[in-house]
Amino acid sequence: MADFFDLSEEIVKLQDTIYPISNELPISNLAATEIERLLNDIVDKISVYSYAIANVELFSVLCSFIKNFDSLKPATLNRVLDIILSGLKSECANTSDSLDADDESTYSKHRVALEIYGFFLYWFIINAEDKAVSKNDANGGSGVRTKRARQPKSKTTSNNHEDWDWSTQREEVLALMTKVLELRIKKIWTSTHEIETFVSLFTKSAYRMLENVTMTKPSSIKSIKSLVYTILSICVKEHNHAFGAQTTIIQNLQYYEHLSEPMAEFLQVLIQQYGHTQLAENTLGEISDKEFNSQDTTGPKSFSKFLIKLSALAPKVVIKQIGLLRKHLDSDSYTMRCGLIEVIGNLINDLAQQEDNAPNNMHQVGGFFDILDERFLDVNSYCRSKVLQVYFKIWDLRVKFPKRRQKVANLAIRCLEDKASLVRKNAIKLLTKLISTHPYGIMHGGELSIKEWEKRLNKAEEDLKAIQPPQELVEFGAEALTENDNEDTNSEVETLGEDIEMMEATATPQLSSSDEIMKLHLIKRFNADAVRFIHQIHTAIPTLCQLLASTTKSEVIEGIEFFETAQLYKIEKAGEGIKKMLHLIWTKDNNDEGKSIRKRLIESYRKLYIDPDTSISEKENVNIVTKNLISLTYNATLAELTSLEQLLSTIMEEEEAVISDNVINRLWSIYSTGEISKEQRRGAIIVLNMLAKAKMEIVQEKIDLLLKVGLGQFGKTDLVLAKYTCIALQRLSGNKTKVKGALSDNSIRLPMSHQIFQRLKQIIEFQTTSQEWFRVTEQAINAIYLLGEHPDILCGDIIKRKATLVFDLKIPDNENYMEIDEESLLTSQEPFLANPLHLSQLIFIVGHVAIKQIVHLEVIEAEWKRRKAEAESKDKEKSAKNPGDDELEQVVGTTEDEYGEAIAQIREQELLFDPNSLLAVFGPLIISICAYNKTYNHHNLQIAATLALAKLMCVSSGFCEDNLQLLFTILERSNEPTIRSNIIIALGDMTVCFNNIINENINYIYNRLSDPDNLVKKNTLMVLTHLILNGMIKVKGQLGEMAKCLEDSEQRISDLAKLFFTELASKDNAVYNNLPDIISNLSSGENTVNEESFKKIMKFLFDFIEKEKQTENVVEKLCQRFKNLDDRRQWRDIAYCLSLLPYKTEKSFKKLTEGLAHYQDKLNENDVYKYFTEIIGKAKAVKGQRPEMKQIIEEFEVKIEDHRKRSQEQEETMQKAAEAAQKTKKSSKSTRSSRSSGSSRSTRSTGSTKSTRSSSGSSTSTLDH
């Protein structure tokens, strides 16, 4: 017996900082040869007899080595570990032989040897794990470190262990530990305490290994974790370690977050491989008794992860304890609630996948579903989001739960309006999953077209009526359908059974009458459920369309995913979202968020409309893609077409091969073929326009076809087609983004004799009454100015010919230059000197030519400057060779300013004022038509004249100033919204051109914000937004009118106003600086808004007050406003504004306290008092307050209550005084009436003369009184 060794005492000593060793050797100071000799000596003795380890000298030497673990070299450490392992392995074999031979005489020796080897191994593992953790920390990893591991290490230590890797030897160590524990050690140790002490060496080592984070990472060797779990399981099953394991599991969950899942995996091994469930049940019971508060972050997270993992690995054990665990659904910690929600999801998953589908299981599933549904009302957004995520996983199961799906769909639709973006995002994901996993594809495929399903439902109803079943079968069918509308716990089983029966009935060739009726009832129910589900999705689509405009990237991407899925399943209303998605192409690319949204949008459109189907031929693919692209243009608005153009051109720029040449050729074929509808032909040229924006060659190769079709035989009968053909011709000017006024490198300028201009001229001069003529002419003139070398000459000729037609009422001699649609010909109108529609067309041409001439002049100026820059660069090269030439160039050369002055002179003085200018001839005519609107009262004429006048005013500042008041008069008095809208847009352009002139009259523009027409109001808001944000005009107290638009009934106007203020807030405190004026405008004066709207507007604007200094100043200004205010409405408004501010510091609250004198007498107003109590509550809720701040708040609260009480007392006193005065007034009236009646009685007793005199005197007396 080794009397010097007691395992319990040695383990206790090991906990001390320094482990005492008798005859300790100074290992760190020994030479390498001496260390080698000592180790060889140990090996020699142990190899002869493993019990030799019980020798006190040998024990002390080996203890010295392990104690100096940190100073040993890698080779020495490996040697020491090898000695321990080989000795333990040998002793294990010897012990096994003795146990087999039942030799009790050797048990005591084996017990001591095993304890010593186990002790050495345990000590070595602790040191090795500490070293592994410190090494992991040094490499930037995160690990859990014990007290011993946190001790500072010397430089020698780090150098010695630089190359030693313990991880490769763990598996061998654990395998040997398992082998030792598998011995029948209960025969060797008679005392339970002794057995538990010995076993603790292995359990502590196993737990210590798990505490190392690297052991639990997915990249770690699974066999090592498996061995650890095996060791612990053997100790629990065979060696009474259950209670110790339960305690350790709870402690690990409390302090080591990374051990949550490993502890669950250990319990799974114990349950499945060793059939021991008691430990898991006891652990769950203990967890159910724990309480978690909202402040604790690590504990609940660790426990919830453990429960989630265990419920996934061993759901049958968890389901037994779910009644106890359910109490955590009411825990203060949202993390625990989230964990329990996921646990319930895992239990549903397990029950649903069981093959027997017993009614009891489905009853439990129904109960679990009800619990999940309750969690949709959880106060925490993470819990609500977790419910949606759990349902998302459930719908991937084989069991579809059709009745439950519809209830969950309603809940998910409700969550689309949740205030938390995380909840909204997961609600969209869940709805997408509900569509992609719907159970209605069994009989008719997967498409969800409401029209098709309603047809099937109607047919089923008609078939039922045709059979005319007996009354009892009718009642049976009615009951079946009624059950469909009632939620009950067995609904899932019934539904599954009915589906099976229905399929069987469908497959049976001969059916009895009752079976046939039952089948039809089931089909009707099946179709009714599908129709109901599709209607649910339809109700969600308007909200989902709004969420596409969300500022949260994840919501937008999920929205795109939803609409893509819905479109693939042929849900009709999905088209609304598909069109709404188009506008996301304008998402800014200044960050990864923008790129991902645009990328996802492009992928979605490619998948839906462009990518070929590999299951069909190439020709069929070409036809389908062409049809898809054209269909995108049907009933599209201008905004949608603009966004579609950007999308398709982006696709062409990034991946040109996506839209093949065959598709483009097919589009041209549709454009030029005769037997094609107008919509298809228009769609083809629109798509070609969009593609040509990125690849000009698409149009460049088909000029003749464009002229023949779009400006020829088909164009004259379809002016919309002619308009888009003109736009296609404009693509010839180049596809690169151009700097204003500059020519791109690949721009084309054609001679005026080119047939393009002849055709454009003909389409402009084409006589028709169609309103589309104006749009065609606009695009034709644009094309002329973009492509022609001298567009002004051609346009001048067009104006002259049109004027001849209008005023001389003559058709030009070459009237047969184009085939004319007889139905569109104008008839002469006797009462007019000129045909009003002809005159409207002429004026429209003049106005648009004027505005394009300005652009043309800028192009000429830019071209001059470019040529001069090229010449100067060549001259510099020459001057480097001939220096004398440079001096001559400085004398005679022109400057860029001269070019600019020359162009400005033409624009200001010649275009509209020169006697030889063609445009100058029409200026007075246009002014007269606008001024004498009652004389020239034709609707189109007035619109065209006003628009032309506005365009001419953009040409010259002199002309603008002369006619500005006329334009403002028309703006104020015109009853035509189109005229007012055009003027507002033109005034925006004039402000850019002639800022000083318009700035003096800017109120005329602001007045249109209250225009009765929404289009005018919207355009006004857009113009002002552009001018203000780009610094064209300065805001001078008019922002209140724009703030009113925040609560406009028109959603588009409200959204634009919100966007404006959001952008304005980023520009030098603009909202803060104008806030007092906005409050005054909205709260007082003639145009105040109601209190509810005022609150909503202020709530939005005050969110932009973020800086503390701004808060202080606003508090001070608002408090001062209370002075001299008698209007109680304004009291309430100012107090409400004060309640919106954040009072996070002492300074802002002191400002509020200092202003008490201004509003103390207003506290008798209930709403004012309520807002100040809200301020106090908000200030108290600020975390981390200093004691001084708390004292200020308390003092302020006392003062508020005191002044409130005084104000109420004063009000009561005044009320009593008023009541007393009222009583006095009434009593005086009664006194006077009694005196008057007494005088009447005395007069009646005297003569008539006295009576008259007395009555007269009484009257006089009363008047005097």
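The values are calculated or read from the model by the stated rules, or taken from the named source; none is laboratory data. None of these values were measured; they are calculated from a predicted model. Backbone-built Cβ (ideal geometry, glycine too); neighbour counts: all protein chains shown. Just so you know, the surface numbers come from the protein's heavy atoms only, side chains and all, with ligands and any DNA or RNA stripped out. Shrake-Rupley method; radii C 1.70, N 1.55, O 1.52, S 1.80 Å.
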Subject >> region 1158-1166 - phi-based ³J(HN,Hα) in whole Hz, Karplus 6.51/-1.76/1.60, Gly and Pro as x >> reply: 7, 10, 5, 7, 9, 6, 6, 6, 4
**OP:** Hey, can you find the accessible area per residue of region 1132-1216 for me, probe 1.4 Å, expressed in square angstrom?
**Re:** 55 Å²
**OP:** Can you tell me the dipole magnitude for region 360-412 around its Cα centre, using point charges on the Cβ only (Lys, Arg +1; Asp, Glu -1), in Debye to the nearest 20?
**Re:** 260 debye
Original post:
Put +1 on the Cβ of every Lys and Arg and -1 on every Asp and Glu Cβ in region 617-701; which of Leu691, Ile659, Ser677 then has its Cα farthest towards the positive end of the dipole?
Top reply: Ser677
**OP:** Can you pull the one-decimal nm distance between simple spin-label points at Val921 and Ser660, each 7 Å off the Cα toward Cβ?
**Re:** 5.7 nm
**OP:** Given a cut-off of 25 Å, name the pairs among Lys580/Lys1058; Lys403/Lys553; Lys599/Lys1107; Lys1150/Lys1216 whose C-alpha atoms lie farther apart than that in the structure shown.
**Re:** Lys403/Lys553; Lys599/Lys1107; Lys1150/Lys1216
Original post:
With every protein chain left in place, what is the accessible area of Glu789 in Å² (1.4 Å probe, nearest 10)?
Top reply: 90 Å²
Original post:
Tell me, what ³J(HN,Hα) does each residue in region 779-786 have, in order and in whole Hz, if you take phi through Karplus 6.51 cos²θ - 1.76 cosθ + 1.60 with θ = phi - 60° and put x for Gly and Pro?
Top reply: 6, 5, 5, 4, 5, 4, 6, 7
Original post:
Over what distance in Å are the Cα centres of region 917-985 and region 191-209 separated?
Top reply: 99 Å
Original post:
What is the set of long-range amide H partners of Gly788 at a cut-off below 5 Å, with H atoms built 1.01 Å from backbone N?
Top reply: Leu750
Original post:
Whose amide H sits under 5 Å from the amide H of Ser550, counting only residues 5 or more places off or on another chain, with H placed in the peptide plane?
Top reply: none
**OP:** Taking only the C-alpha atoms, wrap a convex hull around region 574-663 and report its volume per residue in Å³ as a whole number.
**Re:** 103 Å³
Original post:
Taking 1 over the mean of 1/r across every pair of different Cα atoms in region 617-701, what Kirkwood radius in Å do you get?
Top reply: 12.9 Å
Original post:
Is region 1077-1193 best put as rounded, prolate or oblate by its Cα gyration tensor, with a ≥ b ≥ c the root eigenvalues, rounded for a/c under 1.5, and otherwise prolate when a/b is larger than b/c, oblate when not?
Top reply: prolate
Original post:
With the Cα gyration tensor of region 916-1038 giving a ≥ b ≥ c as the square roots of its eigenvalues, does the rule (a/c under 1.5 for rounded; else a/b larger than b/c for prolate; else oblate) give rounded, prolate or oblate?
Top reply: oblate
Original post:
Counting other Cβ atoms within 10 Å, which chymotrypsin sites (Phe, Trp or Tyr not before Pro) in region 37-105 have at most 16 and lie in a DSSP loop?
Top reply: Tyr49
Original post:
Which whole-number percent is the relative contact order of region 1132-1216 (Cα, under 8 Å, 6+ apart)?
Top reply: 41 percent
**OP:** Write down the Å³ per residue value for the convex hull defined by the alpha carbon atoms of region 34-93.
**Re:** 73 Å³
**OP:** Give the carbon-plus-sulfur fraction of the accessible surface of region 617-701 in %, rounded to a whole number; probe 1.4 Å, heavy atoms of protein chains only.
**Re:** 46 percent
Original post:
In whole Hz, what ³J(HN,Hα) sequence does region 1019-1024 give by Karplus (6.51, -1.76, 1.60; θ = phi - 60°), x for Gly and Pro?
Top reply: 5, 4, 4, 5, 5, 5
**OP:** Report, by chain and number, residues whose modeled amide H sits under 5 Å from the one on Glu572, excluding near sequence neighbours (fewer than 5 apart, same chain).
**Re:** Ile450
Original post:
Under the Kirkwood approximation applied to all pairs of distinct alpha-carbon atoms, what is the hydrodynamic radius of region 294-417 in Å?
Top reply: 14.8 Å
**OP:** Starting from the Cα gyration tensor of region 1132-1216, take the square roots of the eigenvalues, sort them a ≥ b ≥ c, and report rounded, prolate or oblate (rounded when a/c is under 1.5, otherwise prolate if a/b is larger than b/c, else oblate).
**Re:** prolate
Subject >> Tail weight of P(r) past 21 Å, computed on alpha-carbon pairs of region 1-127, percent >> reply: 38 percent
